Amino acid sequence: MNTKLDVIIIGAGFCGITVAASLKTFGIDNFVVIEKGDTVATIWKNAYERLVSQNPYFSLPFFEGKEKYSTFKTKDEMVQYLTEYAHHFQVNPHIRFAEEVQSVTKIYNQNQTDYNWQIQTSKDILQCKVLVICTGLTHEPIIPNFLGQEDFSGQILHSSAYKNGIPYQNQKVLVVGSGNSAAEIALDLYEHGAADVHILIRGKRWVFPLYPRLRSLQYWLWRSKSYLKRLFHQNTISTRIEAMERAINFSPEELQAEIKETDQFIQRFALDLSAYSIYPEDKGPMDVEVNQGRVAWVDRGTVNQIKKGNIQVISSSIQQLSKTSVTFANGVSQDYDAIILGTGFRPGINKILKQPELYLNVNDRLLPKTDGKCQSIVEPTLYFVGFEKIIGGSETYGYYGWCTGKRISFQLLERKLLSCQELNVSL
């Protein structure tokens, strides 16, 4: 097996597969995609059963899919669609499944045409000229440690390990978190017959309804005068690529202006849940999502059950756990059989990168230091796709992936031409 490669892509999710598809399209074939799971879109495959896409008619660049999918793709449909996408662009032979990256080390060379990166995996040691990290923002679960946690006799489970509410029938369950996963899991528990469902919401959170005719928050975003509207309204492949590249070339000032305009449009649709101790954020929903990483809650039925009293909101924090109960900061204690943690994720790139402080923003969620277009500002042969501060989530990241693949292809071709010129060799 070839261990000297032009490009190594870490992660076979939306970003990794679109980068790979773009490389194939622009003539780069000496690359691999390393995926620790046994399929593409592993995070979706392993997610809770009722998870669906927040984006209606979700698709990636230049392939809508041959199958008939739901308006909001289910988790199984998302895996099926990405599998179709990889097959369509002939990416499958390049994917190394069930192989986990353990470390990434920079190789310091005098000549930039040499191999720049060494990747230690669970099965091999590989080297490449260009490295693309596409492990995403939800790679590592955030699991808080509560005082007295070791004494609690019930189950404590992160949302990443939750499947459905069947095991919790007739149980009293506390869900911790205010994001979409926490809200949907609380609803799932209620619908599967949990005796009591409480959801702990400490901070502020934007909440939007799922509109009639399946209009989600992203649909309204798409209808607004944001750059996504300009991107998705292109009619041909060439103009769509140009629109993608214009969007990626937005300056930070232009991006913030787009965020402000989008927020002014969509804030009018937010739900007023102050009667249930759920308050909107101080800044707009897109501002909070892009700059702080907190995605608005798009309701799929949880709010109705909160209003009916079937799901109870707790607005205090956890002070301590005991054998069967949780004591909150307001002094109230409640007995629970299980606690589900919808406490989010972190990128976790620092676990594989040597000298992570060199490549990551220590003061900004350990996000990569990039030029705003996925390329590292520290090493020009290192790319991070799926971490940029953008509007539109995973679908937009797919377009970033495509443009990054094109950029890398031209970068490799340019170096090949320079190398041939130095050696006085014709291609």
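Considering the dipole of segment 57-210 built from charges on the beta carbon (Lys and Arg +1, Asp and Glu -1) around the Cα centre, which of Phe72, Leu157, Leu60 is farthest to its positive end?
Leu60
Computed from the mean reciprocal separation of all distinct C-alpha pairs, what Kirkwood hydrodynamic radius does segment 81-188 have, in Å?
Taking the inverse mean of 1/r over all distinct Cα pairs, segment 81-188 comes out at 18.7 Å.
Suppose every K and R has +1 on its Cβ and every D and E has -1 on its Cβ; what is the size of the dipole of segment 328-372 about the Cα centre, in Debye to the nearest 20?
On the way: 5 positive and 5 negative charges, 60 e Å.
Around 300 debye, computed over segment 328-372.
Where q = 0.10 Å⁻¹, what log10 of I(q)/I(0) comes from the Debye formula for the chain, counting one point per Cα?
Once normalised to I(0) and log-transformed, intensities are -0.74.
Toward the positive end of the charge dipole of segment 260-331, about the Cα centre and with charges on Cβ (Lys, Arg +1; Asp, Glu -1), which of Ile278, Gly293, Ile266 goes farthest?
Comparing the listed Cα positions along the dipole, Ile278 ranks first.
With 10 angstrom as the radius, rank Tyr400, Tyr108, Tyr115 by how many other C-beta atoms surround their C-beta, starting from the fewest.
Numbers: Tyr400 26, Tyr108 7, Tyr115 17.
Neighbour counts put them in this order, fewest first: Tyr108, Tyr115, Tyr400.
Report, in debye and to the nearest 20, how large the dipole of segment 69-156 comes out about its Cα centre when Lys and Arg carry +1 and Asp and Glu carry -1 on their Cβ.
It comes to approximately 380 debye.
If you place +1 on the Cβ of every Lys and Arg, -1 on the Cβ of every Asp and Glu, and leave all else neutral, what size is the dipole of the chain about its Cα centre, to the nearest 20 Debye? Write out the running numbers ahead of the final one.
Values: 45 positive and 44 negative charges, 115 e Å.
Taking the Cα centre of the chain as origin, the dipole is about 560 debye.
Restricting attention to the alpha-carbon atoms of segment 2-133, what are Rg (one decimal) and Dmax (integer), both in Å?
Computed over the Cα atoms of segment 2-133, radius of gyration and Dmax are 16.0, 52 Å.
Just check segment 1-65 against the gyration tensor rule for me: Cα atoms, a ≥ b ≥ c as the square roots of the eigenvalues, rounded for a/c under 1.5, and otherwise prolate or oblate depending on whether a/b exceeds b/c.
oblate
Which one, Leu341, Leu255, Ser376, is farthest towards the positive end of the dipole of the chain when Lys and Arg carry +1 and Asp and Glu -1 on their Cβ?
Result: Leu255, furthest along the dipole toward the positive end.
What angle do you read, to the nearest 10 degrees and between 0 and 90, between the alpha-carbon axis of helix 393-423 and the longest principal axis of the chain?
Roughly 20 degrees between the two axes.
Give the shape of segment 251-390 as rounded, prolate or oblate, defined through the alpha-carbon gyration tensor: a ≥ b ≥ c are the square roots of its eigenvalues, a/c under 1.5 means rounded, and otherwise the shape is prolate if a/b is larger than b/c and oblate if not.
Oblate, because a/c is 1.5 or more while a/b does not exceed b/c.
Sorting Lys308, Lys260, Lys172 on the 10 Å Cβ count, fewest up front, what's the list?
Ranked by crowding around the Cβ, least crowded first: Lys308, Lys260, Lys172.
Quick one: which of Lys45/Lys73; Lys24/Lys75; Lys45/Lys163; Lys66/Lys406; Lys123/Lys416 span more than 22 angstrom between C-alpha atoms?
Lys24/Lys75; Lys66/Lys406; Lys123/Lys416
Based on alpha-carbon centroids, what's the gap between segment 248-292 and segment 318-354 in Å, whole number please?
So the separation of the two Cα centres works out to 27 Å.
How big is the antiparallel share of DSSP beta bridges in the chain, given as a percent to the nearest 5?
40 percent
Based on the Cα coordinates of segment 276-338, what is the per residue volume of their convex hull in Å³?
Considering the Cα atoms of segment 276-338, their hull volume per residue is 135 Å³.
What is the calculated FRET efficiency for Asn145 to Phe269, with r their C-beta to C-beta distance and R₀ = 45 Å, to the nearest 0.05?
According to the calculation, E is roughly 0.75.
Which ordering of Thr39, Thr404, Thr3 is given by a fewest-first count of other beta-carbon atoms within 10 Å?
Thr3, Thr39, Thr404
Post the alpha-carbon centroid distance, segment 85-145 to segment 25-53, in whole angstrom.
13 Å
Values quoted throughout were computed directly from the atomic coordinates according to the rules given, and no laboratory measurement underlies them. Only a predicted model underlies this, so the values are computations on that prediction, with no experimental measurement involved. So basically every Cβ, Gly included, is an ideal-geometry build from the backbone, and we count neighbours across all protein chains shown.
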